[in-house]
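Trainee: Before I ask anything, here is the structure I am working with.
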Amino acid sequence: MARAKGFYIKSDLTDAIKKAVGDVSKYDGETQRRLKGVIRKGTQDLLRASKRKARVGSTGNLVKGIEMEYDEKYNRGFVKSTANHSFLLEHGVNPSFAFPKNKKVLKFKGVFARYAFIPARKPRPFMKPALDEVEPKVVKALKEAIDP
């Protein structure tokens, strides 16, 4: 079975909101429609905010790799980044050494070396700040959808 690419940043919603969204069937049709609309719009807002906060490199693969999924059956939305380096940008990287695996030395741009030092990189988060920006708006909209 193939593993999905990407990483998750979980949001800690309040218990009341989890209960409200978790059992949508207990509400009337109009309230269910409003709740689904709020979750879909919140997921789209998170997608736009994360793309806006992502650092655009020379290829733009990070921004291109940010995708949204909405599951209407369970009324939940996901925003994920499928770029290979997105986790490293979000959380940063510790310094490390790279050693050759199949040869005696490494070759990089015509230079030979027995090892390569890879310096530390500071985190440049884009998903968590986007979630922090959008989450209060979604919580407020959910409360308004339940109690209009």
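Trainee: Between Ile146 and Arg48, what FRET efficiency comes out of the Förster formula 1/(1 + (r/R0)^6) with R0 = 25 Å and r the beta carbon distance, rounded to 0.05?
Mentor: The formula returns an efficiency of 0.55 here.
Trainee: While we're looking at this one, here's another question. Taking θ = phi - 60°, what integer Hz values does the Karplus form 6.51 cos²θ - 1.76 cosθ + 1.60 yield along segment 71-85, in sequence order, with x for Gly and Pro?
Mentor: Values per residue, Gly and Pro as x: 9, 5, 4, 9, 6, 9, x, 10, 10, 9, 10, 9, 5, 4, 9 Hz.
Trainee: Students often get this wrong: which residues of segment 30-63 have the backbone nitrogen under 19 Å from the point 7 angstrom along Cα-to-C-beta of Asn84?
Mentor: 55-63
Trainee: Moving on to the next point. At a 1.4 Å probe radius, which order do Asp132, Asp147 fall into by accessible area, largest first?
Mentor: The most accessible residue leads, giving Asp147, Asp132.
Trainee: List the trypsin sites (Lys or Arg not before Pro) within segment 78-134 that DSSP assigns to loop and that have no more than 10 neighbouring Cβ atoms inside 10 Å.
Mentor: Sparse-neighbourhood loop trypsin sites (Lys or Arg not before Pro): Lys101, Lys103, Lys104, Lys109, Arg114.
Trainee: Carbon and sulfur: what percent of segment 45-136's accessible surface (1.4 Å probe)?
Mentor: Answer for segment 45-136: carbon and sulfur cover 56 percent of the accessible area.
Trainee: Could I ask something else about it? Given a 1.4 Å probe and the protein chains all in place, what does the accessible area of Ile39 round to, in Å² to the nearest 10?
Mentor: 20
The values are calculated or read from the model by the stated rules, or taken from the named source; none is laboratory data. All values derive from a computational prediction rather than experimental measurement. Here the Cβ is made from the backbone with ideal geometry for all residues, glycine too, and neighbour counts use every protein chain on show. These area figures cover heavy atoms from the full protein model, side chains too; ligands, DNA and RNA do not enter into them. Shrake-Rupley method; radii C 1.70, N 1.55, O 1.52, S 1.80 Å.
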